[in-house]
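Encoded as C-alpha cells, the structure appears first; notes follow it.
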Number of protein chains: 2
Amino acid sequence: MSFLPHLESVVNQVEGALACSVMGFDGIAVETHQKPDAGDLELATAWVEYANVLGQLKSAAEMLKTGTVSEVSVNTERVLTLMRMVSPEYFLVLALKANGNYGKGRYVLRITAPKVRAEL
Amino acid sequence: MSFLPHLESVVNQVEGALACSVMGFDGIAVETHQKPDAGDLELATAWVEYANVLGQLKSAAEMLKTGTVSEVSVNTERVLTLMRMVSPEYFLVLALKANGNYGKGRYVLRITAPKVRAEL
C-alpha cells in the first residue's frame with residue numbers, strides 16, 4: 001500500500017494542481033500530496049463536505065438508470081475540485097487552481113484510479 | 001421570460017447533448033428542452049436528487065475559503081451532467097451522452113448562464 005508516488009505523479013502532471021488525496025467516504029484522507037502554496041485554502045475542510053455529498057450522490061445514482069457515479073466535480077471561483085471513484089469505500093480528489101488544466105486533470109485521475117485501486 | 005431559445009441553443013451547440021433545463025434548487029424544472037432519444041434515462045428524477053445535493057454544496061462552499069460554487073458536474077457511466085449557477089435560486093443543467101463534448105458543454109453553459117439570468 002503506497003499511494004504517495006501516484007498522488008505526486010498526479011500533482012506533477014497537471015498544470016495548476018494544488019493537492020491530491022486518497023479519501024474515504026467518511027471524509028478522512030488516507031494519504032495526501034499537497035503543494036506548499038495550497039496551504040491557505042482549507043482544502044481538508046472542503047473535502048470533508050464533498051465526501052459527504054459524494055456519498056449521497058453515489059446512493060442516489062444507484063437508484064437511477066444513469067448508472068453508478070464515476071466522477072464528480074465541484075468548482076468555485078478559486079478552486080476546481082475533481083473526484084474520481086476508486087472503490088466503493090475510497091475516491092481520489094484533485095484540487096486545481098481556477099485556471100488549471102481541467103481536462104488534463106480528468107484524464108490523469110481516470111488513468112490513476114486503477115493504479116490506486118491495485119494498492120488497496 | 002423566455003428560456004426555451006437559450007436551452008435549444010445549448011442542446012444544438014453541444015455534440016452529444018440530451019437535454020437542458022432551467023431548474024430551481026427545490027428540484028422543479030422551470031423549462032426543459034429534451035431530445036427525443038433522451039426519453040428512457042429518467043433525467044428528471046436524477047436532477048431532483050442533484051438539485052438537493054447542489055443546494056448543500058452551495059451552503060458548504062459559502063462557509064469555506066474556496067468561494068461560492070459556480071459549477072458542479074456529476075458523471076455516471078452513461079450520462080455526464082453539468083450544472084451551472086444562474087442565480088441564488090436557479091441553475092442550468094445539461095445532460096450529455098458519456099461520449100459527448102464535455103469541454104464544449106462547460107463553455108456553452110458558462111456563456112448561457114448570464115443570458116438566462118437576464119430573463120429571470
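The values are calculated or read from the model by the stated rules, or taken from the named source; none is laboratory data. This one's a predicted model, so the numbers in the text were calculated from it and none came from an experiment. Backbone-built Cβ (ideal geometry, glycine too); neighbour counts: all protein chains shown.
Exactly one of (1) at pLDDT below 90; (2) farther than 22 Å from A:Met85 by Cβ is unmet by B:Arg110. Its number? Failing condition for B:Arg110: (1). Of the set (1) modelled with pLDDT under 70; (2) more than 9 Å from chain A (Cβ to nearest Cβ); (3) surrounded by 15 or more Cβ atoms within 10 Å (Cβ to Cβ), all apply to B:Met85 but (1).
So that you can scan it fast, the table gives a plain yes or no per residue for (1) over 14 Å from the mean Cα position of the chain (by Cα); (2) modelled with pLDDT of 90 or more; (3) part of a strand (DSSP E or B):
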site	(1), (2), (3)
A:Ser2	yes, no, no
A:Pro5	yes, yes, no
A:Val11	no, yes, no
A:Ser21	no, yes, yes
A:Glu31	no, yes, yes
A:Ala38	yes, no, no
